[in-house]
Amino acid sequence: ISQQEEHVQKGYAAGAVDYLFKPVAPHVLIGKVNVFIELHKQKMQLEYEIQERKKTEVALRRAEEKYRNIFVQAVEGIYRTREDGRFVEVNPAMAELLGYDSPQEVIEQIVDISNQLYHNPRDREKLLELIKANGSVTNFECQFKRKGGEIIWASLSARIYKESKKDIFVEGIMQ
C-alpha cells in the first residue's frame, strides 16, 4: 500500500474514512476501532433523539390542534386583550356575542375596549383593578355595547397573563 499523499487522497475521495499502513500496530488498530465504535454509538444516540423529537413535535401539533378546536368551538366568548385595551385574540362565540361577523373584525374594529365595548368605561377600570388586586375575577357583571349599539348584560371571568415583563394580557371568558 502506497503511503504517498496522492494515493491517500484518492482513498479518501473513494469513500475511505481512515487508513492503516502495513505492518499494522495492534495498539493503533485498537485505538482506531474504538474511535469508530464511539462514533457509531453517538450516531445511534442522535438518531434516537431525532426520532423522539419528531414524536414530541407530532404530539405538540395534536395538542395545539385540540386546544385550538376547543377555543374555536366554545359556546362562551373567549378573549385575550392587551392591558392597553386592544383585543389580541377572540373566538367566534365572542364575536357573535358582540354582534360582529368574525373574530378578525372584532380585533380590527375595536381599538379602545373601554370606550367602544363597555357601556360604562369605568367598568373596565374596575375589572382591571380587581384582577390586579386578586389575580383574577369571576362573574364580573356589567353592560356592553354590541356592534349595532344594542346594550347587553354579560358576565366576565378573567385573569392577568404575563408572557414577559412587557407582554401583559387580560384573558377571559364572557357569557
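The values are calculated or read from the model by the stated rules, or taken from the named source; none is laboratory data. Model, not experiment: these values are computed from the prediction. These area figures cover heavy atoms from the full protein model, side chains too; ligands, DNA and RNA do not enter into them. Shrake-Rupley method; radii C 1.70, N 1.55, O 1.52, S 1.80 Å.
Miscellaneous remarks
- Overall Cα dimensions of region 43-108 - principal axes, largest extent first, Å: 57, 26, 15
- Accessible surface computed residue by residue for the chain, with neighbouring protein chains in place and a 1.4 Å probe, gives 70 Å² per residue.
- Partners for LYS32 among lysines (Cα-Cα distance below 21 Å; same-chain residues under 8 apart left out): LYS10, LYS22, LYS41, LYS43
- Solvent exposure ordering (accessible area, 1.4 Å, most first) of LYS32, LYS165, LYS147, LYS10: LYS165, LYS10, LYS147, LYS32
- All aspartates and glutamates inside 13 Å of LYS162 as judged from Cα atoms, apart from same-chain residues fewer than 8 positions distant: GLU83, GLU171
- Rounded to the nearest 500, the helix-only mean residue ellipticity at 222 nm of the chain stands at -16000 deg cm²/dmol, with each DSSP H run of n ≥ 4 adding -39,500 (n - 2.57).
- Surface accessible to a 1.4 Å probe, SER164 within the full protein complex, Å²: 50 Å²
- 0 to 90° range, to nearest 10: angle between helix 122-134 axis and the chain longest Cα axis: 50 degrees
- Per atom type, region 44-175 shows carbon and sulfur on 49% of its accessible surface, probed at 1.4 Å.
- Region 57-175 shape via C-alpha gyration tensor axes, a/c threshold 1.5: oblate
- Accessible surface of ARG61 - all protein chains present, 1.4 Å probe, nearest 10 Å²: 140 Å²
- Rounded to 10°, Cα long-axis angle of helix 26-73 versus longest principal axis of the chain: 20 degrees
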